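Comments concern the structure below.
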Amino acid sequence: MSDLKYKRIVLKLSGEALAGDKGFGINPPVIKTIAEEIRDVYNLGIQIAIVVGGGNMWRGEAGEEMGMERSQADYIGMLSTIMNGLALQDNLESVEVPTRLQTSIEMKQIAEPYIRRKAVRHLEKGRIVIFAGGTGNPYFSTDTTAVLRAAEINADAILMAKNGVDGIYSADPKTDPNAKKYDHLTQMDIINKGLHVMDTTASSLSMDNNIPLVVFNLNKPGNIKKVVQGEKIGTIVEGK
């Protein structure tokens, strides 16, 4: 453990990451590969908590098109993250990684309710904890959930795994060939430059609690391990 940069992390996975090239739903080979990557990091002795999104199942835009009330649409999104959490838990346990799923919306037949002290105890006992259901409140993203849970469990860093993007750019590198990649930024840089890494609520909460953020490409094998071992990949956001 002495050669590891981070000892307790929150790994933020987008729902789209579980869909892979399909773009929707859960892609079995993709989620299996992600579980194996996480297992390799777990075997280093890292305490791992995971926040998973739900964009592969439900997008708020769909609710808007239907004329759905915002809170109702957000609750559907929260349920989507729980489905993803269940799938990820099953895949982690299939590669012999003990995992607990905690949800902010109580559904005790399938998961534990979120209890901060219990989550920390699971981590100390060598179990991965998946936080699903967002914050349990509408109008908040899973990015905000990741920062909130990281603050609550005293995580060393948030690892934001991107689907095919290897860091933070000045513009969208998929559409702008002149987009500049940043290796290091401060929390204020994110806000002042208007960089769409996280929503402003999540960025402000991260800044207020001084939680480092590492943005990197999930699609390159071994990248999660490289981040916790301190290799300089992706973009590091730290300091105010």
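A few notes on this one:
- Of the residues making up the stretch 150-161, none is in contact with a helix residue (DSSP H, G or I) (Cβ under 6 Å, 6 or more places away or on another chain), over 29 Å from Ile233 (Cα atoms) and not in a strand (DSSP E or B).
One line per residue, one yes/no per condition, for (1) surrounded by 22 or more Cβ atoms within 10 Å (Cβ to Cβ); (2) touching a Phe, Trp or Tyr at 6+ places or on another chain (Cβ under 7 Å); (3) farther than 20 Å from Ser14 by Cβ:
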position: Gly54; (1), (2), (3): yes, no, no
position: Ala62; (1), (2), (3): no, no, no
position: Ser104; (1), (2), (3): no, yes, no
position: Lys125; (1), (2), (3): no, no, yes
position: Met160; (1), (2), (3): yes, no, no
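- Any hit, the stretch 178-196, residues being of a type outside the set (Gly, Ala, Ser), modelled with pLDDT under 95 and closer than 20 Å to Gly55 by Cβ: yes
- Restricting Thr175, Thr201 to residues that are at pLDDT below 95, of a type in the set (Ser, Thr, Tyr) and assigned to a loop (DSSP other than H, G, I, E, B) narrows the list to Thr175.
Here's the yes/no breakdown for (1) closer than 16 Å to Arg149 by Cβ; (2) of a type outside the set (Ser, Thr, Tyr):
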site	(1), (2)
Glu37	no, yes
Gly45	no, yes
Ala62	no, yes
Ser71	no, no
Ile76	no, yes
Thr81	yes, no
Gly85	yes, yes
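The values are calculated or read from the model by the stated rules, or taken from the named source; none is laboratory data. Just so you know, these numbers come straight off a predicted model, no measurement behind them. Using ideal geometry, Cβ is built from the backbone for each residue, glycine included, and neighbour counts are taken over all protein chains shown.
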